[in-house]
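Take a look at the structure below.
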Amino acid sequence: MTGAQALKAQEERWRRWQAARRVLLIRLDNLGDVLMTTPALAAVRESLPDAHLSLLAAPAMVGLKPHLPMVDEIIGFHAPWMKAGAMALPSGNAPTTSEAVEDGGADSACGVAPLGEHERQLLSRLLGERPADRFDAAIIFTVCTQSPLPAATLCRLAGIPLVLAHARERAYALLSDEVPDPDVVRAGMRHEVRRQLDLAARVGCVTHDERLRFHLRDADRRAAARALAAAGLSAGRPFVLVHPGASAPSRRYPADKLGEAAERIRRQDPTGRTGVVLCGGAGEEELIAQMRAAMGGTGLVLEPASGVGELAALIASAELLVGNNSGPAHLAAAVGTPVVDLYALTNPQHTPWRVESRVLSHDVPCRNCQKSVCPQGHHDCLRRITPAEVAAAAWDLLRAGRARAASAREGRGARLAETEAEAAAEAEAETTVDWGAAA
């Protein structure tokens with residue numbers, strides 16, 4: 001294909017996608033993966049401002065809807081070809097109820113039903129009651145180790161004519177826009193955010209703001225303020241938030257070491273004002289207890305957040321987040337809070353995106369294992385990070401942030417003084433009388 005032919009094909013591709021009015025955006029992974037896809041979702045919204053955008057995601061992601069204004073709805077679906085989806089379906093196949101699918105689903109809604117019923121319920125929803133309800137385009141967002149073909153088959157059955165995805169194997173008629181997947185898990189590979197932005201750009205969907213997106217509501221901020229007060233943090237006191245959780249054991253820094261690091265952060269504050277607040281999700285109480293014991297009982301403990309909005313508001317209120325490579329680290333990037341990321345070397349492409357950060361790990365020969373449980377049993381990529389290193393990284397970020405804040409205050413003060421001086425000079429000029437001219 002000549003350069004002119006390639007350009008003509010690209011223009012035709014963009015023209016077809018610009019005509020899309022109902023677009024299905026498929027991202028079936030966990031919270032961090034969805035957050036790392038938000039710049040691409042925003043690109044689709046900004047490029048197709050009048051289109052109806054539906055995000056097909058794991059049921060646990062339905063609660064993101066108030067925080068992702070670029071999408072019109074989130075449809076919850078336990079995809080049986082995804083690990084989390086298969087685990088949520090008893091025997092790997094039982095569906096949620098039809099009511100749960102309509103409401104976005106919930107893990108507890110699973111029950112016994114005929115083989116494939118779960119998928120048929122979703123397909124019925126995608127087909128809609130009227131032709132006008134059907135989707136005319138879909139984008140399948142995957143990591144490089146996932147196949148888009150199960151989702152592409154679903155799109156085919158739903159009669160969606162335009163389907164875009166990265167593909168390592170030939171998809172033939174399953175994809176209208178097949179992008180060869182060049183990514184391989186290795187050092188220096190393309191970041192996950194960039195991968196999804198590049199995919200959307202193939203059909204003309206771009207954004208000038210490539211940061212992660214998350215909308216905080218006032219209600220979330222109020223809930224976070226109440227939670228901090230209940231934990232014993234006085235209003236206006238600066239604090240570091242420490243979160244020990246991660247969905248995979250291989251990505252969890254030892255909780256006792258994290259507690260030791262948190263105590264070092266507290267003790268190294270020359271002012272003695274910086275609080276250390278411990279935060280975990282449901283089921284992570286034991287990790288919190290181990291951390292607090294290692295701190296000698298000095299850490300303030302939050303109750304588990306009522307939802308992702310409150311968790312994001314807590315992170316946004318903090319000067320710094322210290323945690324593992326998990327959803328909270330990506331929430332920190334989305335709300336602009338600096339983060340010390342204790343980064344297990346299971347995957348290299350998920351580091352904090354466009355936020356002040358320190359990424360800590362210990363290099364190991366078994367890096368990039370992509371395992372949820374350390375296959376070697378030693379967990380050295382995290383375990384050999386010392387608490388002293390964690391505290392040092394935290395204070396590097398805290399000092400830098402405070403220096404920027406002080407500089408910004410000085411700049412605002414200088415601008416205010418300049419404005420006041422100009423106003424005074426103008427007032428003086430207006431009251432000065434030229435007596436020679438008056439005579």
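Under the condition of being surrounded by 14 or more Cβ atoms within 10 Å (Cβ to Cβ) and within 20 Å of LEU199 (Cα to Cα), the residues counted in the stretch 124-152 number 17.
So is LEU416 touching a Pro at 6+ places or on another chain (Cβ under 9 Å), over 21 Å from ARG252 (Cα atoms) and part of a helix (DSSP H, G or I) or not?
Working: touching a Pro at 6+ places or on another chain (Cβ under 9 Å): no; over 21 Å from ARG252 (Cα atoms): yes; part of a helix (DSSP H, G or I): yes.
No: the conditions fail for LEU416.
Could you tell me whether the stretch 393-404 includes any residue that is outside any helix (DSSP H, G or I), within 30 Å of MET295 (Cα to Cα) and not β-branched (Val, Ile, Thr)? Checked the stretch 393-404: no residue is outside any helix (DSSP H, G or I), within 30 Å of MET295 (Cα to Cα) and not β-branched (Val, Ile, Thr).
Pairs linking a residue in the stretch 367-396 that is under 29 Å from VAL277 (Cβ atoms) to a residue that is among the acidic types (Asp, Glu) and surrounded by fewer than 17 Cβ atoms within 10 Å (Cβ to Cβ), with Cβ atoms under 8 Å and 6 or more positions apart or on different chains, are CYS381/ASP363.
Residues that are buried (at least 22 other Cβ atoms within 10 Å of the Cβ), among the small types (Gly, Ala, Ser) and farther than 23 Å from VAL340 by Cα: does the stretch 226-239 have at least one? Walk me through it before giving the result.
Step one: list which residues in the stretch 226-239 are buried (at least 22 other Cβ atoms within 10 Å of the Cβ), which gives 227-228.
Still in the list and also among the small types (Gly, Ala, Ser): 227.
Still in the running and farther than 23 Å from VAL340 by Cα: none.
No, the stretch 226-239 contains no residue that is buried (at least 22 other Cβ atoms within 10 Å of the Cβ), among the small types (Gly, Ala, Ser) and farther than 23 Å from VAL340 by Cα.
With the requirement that a residue be under 20 Å from the mean Cα position of the chain (by Cα) and either closer than 19 Å to GLY307 by Cβ or in a loop (DSSP other than H, G, I, E, B) (or both), what does the stretch 220-251 give you? Matches in the stretch 220-251: ASP220, ARG221, ALA224, LEU241, HIS243, PRO244, GLY245, ALA246, SER247, ALA248. Selection of the stretch 293-316 for residues being surrounded by fewer than 21 Cβ atoms within 10 Å (Cβ to Cβ) and under 15 Å from LEU233 (Cβ atoms) yields THR298, LEU300, VAL301, GLU303, ALA316. Among the residues of this structure, LEU199 does not count as one that is surrounded by 15 or more Cβ atoms within 10 Å (Cβ to Cβ), touching a residue at least 24 places away in the same chain (Cβ under 8 Å) and within 24 Å of GLY401 (Cα to Cα). Contact map, the stretch 254-277: residues that are assigned by TED's automatic domain parsing to the domain that holds ALA394 paired with residues that are outside any strand (DSSP E or B) and among the aromatic types (Phe, Trp, Tyr), Cβ distance under 8 Å, separation 6+ or inter-chain. Pairs shown: ILE265/TRP395; GLN268/TRP395. Of all the numbered requirements in (1) touching a strand residue (DSSP E or B) at 6+ places or on another chain (Cβ under 6 Å); (2) at pLDDT 95 or above; (3) surrounded by fewer than 20 Cβ atoms within 10 Å (Cβ to Cβ), ALA94 misses one, and that requirement is (2).
Residues that are β-branched (Val, Ile, Thr) and closer than 23 Å to LYS371 by Cα within the stretch 155-204 comprise VAL184, VAL185, VAL193, listed in sequence order. For VAL277, the criteria (1) modelled with pLDDT of 95 or more; (2) of a type in the set (A, V, I, L, M); (3) within 27 Å of GLN370 (Cα to Cα) hold in every case but one, which is (3).
The values are calculated or read from the model by the stated rules, or taken from the named source; none is laboratory data. Note that the coordinates shown come from a computational prediction; the quantities given were computed from them, not determined experimentally. No Cβ is skipped: glycine too gets one built from the backbone with ideal geometry, and neighbour counts run over all protein chains shown.
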